[in-house]
Amino acid sequence: MKKLGLIGGISWVSTSDYYKLINEGVNAKLGGLNFAECIIYSFNYADIKKNNDNDDWDATLNMILKAAECLKLSGAEAIILCANTMHLIADKLQLQIDIPIIHIAEVTAREIKKDEIKKIGLLGTKFTMERDFFRNKLSDQGIKSVIPAAADRDFIQETIYYELGKGIIKEETKQRYISIINNLIKQGAEGIILGCTEIPLIIKQNDVSVKVFDTTLIHSAAAVEFILSY
C-alpha cells in the first residue's frame, strides 16, 4: 500500500469527505480492517481565501508547496489537493515537487470521455468556471465546457464560501442550483460537473436529468487506485 498526502482545510467540510471516501474505497478493495495510510495537512481556509481575494496565487502556491514538502518528508508518495480551485496552481506545484499530484480535472476529464460526452456544464468557484486550468484539461480530451451566466456564477461563489463551505444547506439555495443546471442543459450540456468539492453536499444525481460528475468521488477513487497500485 502506498502512502498518500492530502492537502485540505479548503474547506474542512470537503476534506472530511475525502478522508471518508478514500478509507471506504481502500476497505472495499481489501476488506477486513484495511484502510488508507495517509497524512493530512489542513489549512486555515481564511488564510487561503485572503490570498485568493487579492488574486495573490503566488502566495497560495508557496503555502501549498510548503505543505506538500512537509507531506513528502513524512513519507507521502503522492499528493491530493482536496479542492478543485487549488488546482489553479497544480501544474506549477508539480514542477516544484518530485512526487505526483493526482490532478482532479485530468481524472474527471477521463471519466467524462468514457461516456463519450462532447459538451459538459461546469459548476464551481468563479476561479474554476472562469479561468482555464480546469477547462483546458477538458478540451485536451475533446470536451467543450459551458458555464453559467455572470449573476449565477456570483451566486455559486457566495454560497460555496458562506453556506456550503460552512456545512449550511438551504432548500432555496438547492433550487437555485437546479435552475442554473437546467439552463446549462438547455444550452446543450450532456452532463454536469460538480466542480467544487462542496457542491455535492447540496446537489445529487437524482436532482439532475443528465449525468452528474462528482469531482470529489472521482478524485477520491483515483486516490484509492494510486494507493493500491504496485
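The values are calculated or read from the model by the stated rules, or taken from the named source; none is laboratory data. Since the structure is predicted, the reported quantities are computational estimates derived from the model, not experimental observations. We place every Cβ from the backbone using ideal geometry, glycine too, and count neighbours over all the protein chains shown. With ligands, DNA and RNA removed, areas are computed over all heavy atoms of the protein, side chains included. Shrake-Rupley method; radii C 1.70, N 1.55, O 1.52, S 1.80 Å.
Cross-link partners for Lys126 among the aspartates and glutamates, with Cα-Cα distance under 17 Å and sequence neighbours closer than 8 places in the same chain left out: Asp53, Asp55, Asp56, Asp152, Asp154, Glu158, Glu163, Glu198.
Listed by chain and number, the aspartates and glutamates placed with their C-alpha closer than 17 angstrom to that of Lys113 are Asp140, Glu190, Asp214; residues fewer than eight positions away on the same chain are left out.
Using bins of 10 Å that start at zero, the share of Cα-Cα pairs per bin across the stretch 1-131 amounts to 11, 39, 35, 13, 1, in whole %. Between Glu130 and Asn34, the simple spin-label model (points 7 angstrom out along Cα→Cβ) gives 4.6 nm.
Counting charges near Ile102 (Lys, Arg +1; Asp, Glu -1) among other residues having Cβ under 12 Å from its Cβ returns a value of -1. Using R0 = 35 Å, the C-beta based FRET efficiency linking Asp55 and Phe226 works out to 0.65. Per-atom-type breakdown for the chain gives carbon and sulfur 50% of the accessible area (1.4 Å probe, protein chains only). The GluC sites (Glu not before Pro) of the stretch 78-135 meeting both criteria, a DSSP state outside H, G, I, E and B (loop) and at most 12 other C-beta atoms within 10 angstrom of the site's C-beta, are Glu116. Over the chain, the Kirkwood radius and the radius of gyration, each from Cα atoms, give a ratio Rg/Rh of 0.95. Using just its DSSP H runs of length 4 or more, each adding -39500 (n - 2.57), the chain gives a mean residue ellipticity at 222 nm of -16000 deg cm²/dmol after division by all residues.
In this simple spin-label approximation, Asp98 and Glu171 carry label points 7 Å from Cα along the Cα→Cβ vector, and these lie 5.7 nm apart. Take the Cβ-Cβ distance between Asn183 and Arg110 as r, set R0 to 35 Å, and report the resulting FRET efficiency rounded to the nearest 0.05. With a Förster radius of 35 Å, E is 0.85. Per-residue accessible area (protein heavy atoms, 1.4 Å probe) orders Met86, Met1 as Met1, Met86, starting from the largest.
Quick one: P(r) of the stretch 105-214 from all Cα-Cα pairs, 10 Å bins, percents rounded to integers, in order of increasing distance. P(r) for the stretch 105-214, in whole percents per bin: 15, 52, 29, 3.
Amide H contacts for Ile120 (H built 1.01 Å from N in the peptide plane; partners 5 or more residues away or on another chain; cut-off under 5 Å): Lys144, Ser145, Val146, Glu190.
Residue pairs exceeding 31 angstrom between C-alpha atoms, taken from Lys66/Lys119; Lys20/Lys50; Lys20/Lys92: Lys66/Lys119.
The listed residues Leu201, Leu73 rank as Leu73, Leu201 when sorted by accessible area, largest first, using a 1.4 Å probe.
Once the mean of 1/r is taken over each pair of separate Cα atoms and inverted, the stretch 62-133 shows a Kirkwood hydrodynamic radius of 13.5 Å.
Estimated at the nearest 10 Å², the accessible area of Tyr177 is 0 Å² with a 1.4 Å probe.
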